[in-house]
Amino acid sequence: MGLGLSGLKLQKTMIAVVLAGLSMIPGTAGAQQTGTVRSTHGAWSIICDTPAGATAEQCAMMQNVVADDRPEIGLSVVVLRTADNKAEILRVLAPLGVLLPNGLGLNVDGKDIGRAYFVRCFQDGCYAEVILEKPLLDTLSTGKAATFIVFQTPEEGIGIPVDLAGFGEGFAALPR
């Protein structure tokens, strides 16, 4: 099963949301978190902010994680809805220095889910994102633990644990 990469070619409205959402993502390489924590659901927080140029508040569900054995390698995992409420996006910010062609692997409760490819890099890191389609949403909502895998060399994958406690509850609470 793949990660549902059908959303890789984003529509113009989704591109605007993706770029606006960058200001809300706490990075592992110097980006600052903006907004207000609206609620907490297990390991996940819902953070809301009105980005510059936006007319309405935008909210995202997020969790920051660090590799157990590599404290310098961390991820920001973000779930947000597009401004038109037509899609949900799972976006992961990885630090600079990861091997881009290998993408970002995902394993949930010991099962390989697939890979997402990096779509863009900025000074705070590189972003992988996918449309959060129902099969992946259900897997994350019912799962206990996920591992995102980044690569520094083609052979060296670094597994970064993500606690899925509260994912389903937090997703349901994400404002429309």
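The values are calculated or read from the model by the stated rules, or taken from the named source; none is laboratory data. Predicted model, so just to flag it, every value in this text is computed and none were measured. Every residue, glycine as well, gets a Cβ built from its backbone with ideal geometry; the counts of neighbours run over all protein chains shown.
Quick notes on this structure:
- Single residue of region 36-51 satisfying the filter (at pLDDT 85 or above and part of a loop (DSSP other than H, G, I, E, B)) that is surrounded by the most Cβ atoms within 10 Å (Cβ to Cβ): Ala43
- Extreme residue, surrounded by the fewest Cβ atoms within 10 Å (Cβ to Cβ), among residues of region 79-106 that are under 18 Å from Lys134 (Cα atoms) and among the polar types (S, T, N, Q): Asn85
- Hey, Glu88 under 22 Å from Gly166 (Cβ atoms), of a type in the set (D, E, K, R) and touching a Lys or Arg at 6+ places or on another chain (Cβ under 9 Å) or not: yes
- Selection status of Pro101, farther than 22 Å from Val37 by Cβ and part of a loop (DSSP other than H, G, I, E, B): yes
- When Ala128, Ala165 are checked against the criterion of being on the phi < 0 side of the Ramachandran plot, surrounded by 19 or more Cβ atoms within 10 Å (Cβ to Cβ) and at pLDDT 95 or above, a single residue qualifies: Ala128.
- Glu72 meets all of the listed conditions (1) touching a residue at least 24 places away in the same chain (Cβ under 8 Å); (2) closer than 30 Å to Gly159 by Cβ; (3) not in a strand (DSSP E or B) but one, namely (1).
- Scanning region 140-157 for residues that are more than 14 Å from Gly42 (Cβ to Cβ) and surrounded by fewer than 19 Cβ atoms within 10 Å (Cβ to Cβ) yields Ile149, Phe151, Gln152, Thr153, Pro154, Glu155, Glu156, Gly157.
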